[in-house]
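Readers should treat all values here as calculations from the given coordinates under stated rules, not as data from a laboratory. Here the structure is a predicted model, which is why all the values come from computation and not from measurement. Here the Cβ is made from the backbone with ideal geometry for all residues, glycine too, and neighbour counts use every protein chain on show.
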Amino acid sequence: MEKFILSPNKKTVFIMGAGASKDDNIPVQNEILDKILKGDFAYKRRYPGAAANKEHARISAAVKKFVTSAFGSKAANNLSLESLFNVLEFALTRRENIGAVELKEARHYYKELIRGVMYATRTEADIGMHDVKSHLGKSCLIQSPYTELGVHLYKKYKALQANFSFVNFNYDICLDRVLLSMNDKNPDKSFDLDYGIDLGNYILSQGHKFWFSRPRKRRVYLLRPHGSVNWLFCRSCGNVFSKLTRQNRAVDIREGTKCYHCRLSYLEPYIVYPSYNRIYENKHLVKIWVNMEDLLLKADRWCFIGYSLPDADKYFTYALTRIYNYRKAVKSVPEISVVNINRNVRKYEELIKDLSGYKPLKSRAVVKDMENYFKNIIKNSDIFTKYGIYFDNVIKYECGFKEFTNKYFSVE
């Protein structure tokens, strides 16, 4: 596999999915519901008597009760998070009960499920794990690929132009921590983190010493089309606040917190929950999507890391298709790189190869049947084939994010 070199003469946008955070022990989407039902949240074992654990237990019990009431006690193992949200979403939209589950209960379960998603996707790692400056010259101690990426960037940080941006579809804050740890008081020697929206924090920055201030002249975009585990929204004044401070402390998001600005409403989680009918109507999300499309239009390279082009992300796949085809028409096609962390395809190919040489399987038809069977199983796992449908000449990295940052990623 060839080297991926971040150079000053090429603008690069990194698009990250759940696979990018897998090495940081953040669950991928099909693992989140299981963690909620088991109450397996961050800090549970580290702080067994903490007040947050009572909220964790309450959320887990509520979601478990809904699953049992609506689907039966044995349904949990076969339910997806998307299907659970779909059922609740339709019940709320149509204002209907779900059997014995009344509408007001469905509304309660819906809110608890969203909070469960946010708690399930929090990182349990210490802040130091994502502190770039403390890891300089200590590559053997780096555990997170995000930190590894940050170390590469930081070594050329002061001389770099703003030629790299991030689009992150995950809820976790691992990348946020890394980028914040690279910040410098001198605006000429630093990039400020810019989420592409005006955070409510900017209004409060004078009275909250360690909260976000408005980005200065040099900035690096971290766009979050699906929100963040640390974002809270006020329905009265319309502000979004980040509870990730400049000191990188992940603050517990508990029910019953009044808006920091207007004090009129209780703050709510701000994520686009995983369903097949995702809606991006809120003004902040609209602005993020506009900024994201602008990045994709101008970037010389799109690098996808741990992102599988899921069918549920229909708006994003549409945006990619539209922008890519426009750029083909004007002869300005971006270079496409894909870091595919899913190695199941290669394993199945190796297994078929071994079976082909296995003497008891004399009939080629038997091997062919097995080959077709495995192809049917992995048809949605073959990420490179999927990307080949959308883009031409994909540069392939079949490795984990950590291996990519260790072996193939460098900065000029």
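Projected label points at Val286 and Thr385, each 7 Å from Cα along the beta carbon direction, are separated by 4.0 nanometres.
Please give the contour-minus-distance gain from Tyr408 to Arg235: 0.36 nm per residue of separation, less the Cα-Cα distance, rounded to one decimal in nm. Don't skip to the end; give the middle numbers.
Details: separation 173, 0.36 × 173 = 62.28 nm, distance 4.49 nm.
Stretched fully, the Tyr408-Arg235 segment lengthens by 57.8 nm.
The simple spin-label model puts a point 7 Å past each Cα toward its Cβ; for Asn183 and Arg58 those points are separated by 3.1 nm. Each peptide in 86-98, 146-158 receives the mean, over its residues, of other Cβ atoms within 10 Å, and ordering these scores from highest gives 146-158, 86-98. Simple point charges give the picture: +1 on the Cβ of Lys and Arg, -1 on the Cβ of Asp and Glu, and for the stretch 29-120 a dipole about the Cα centre of about 360 debye.
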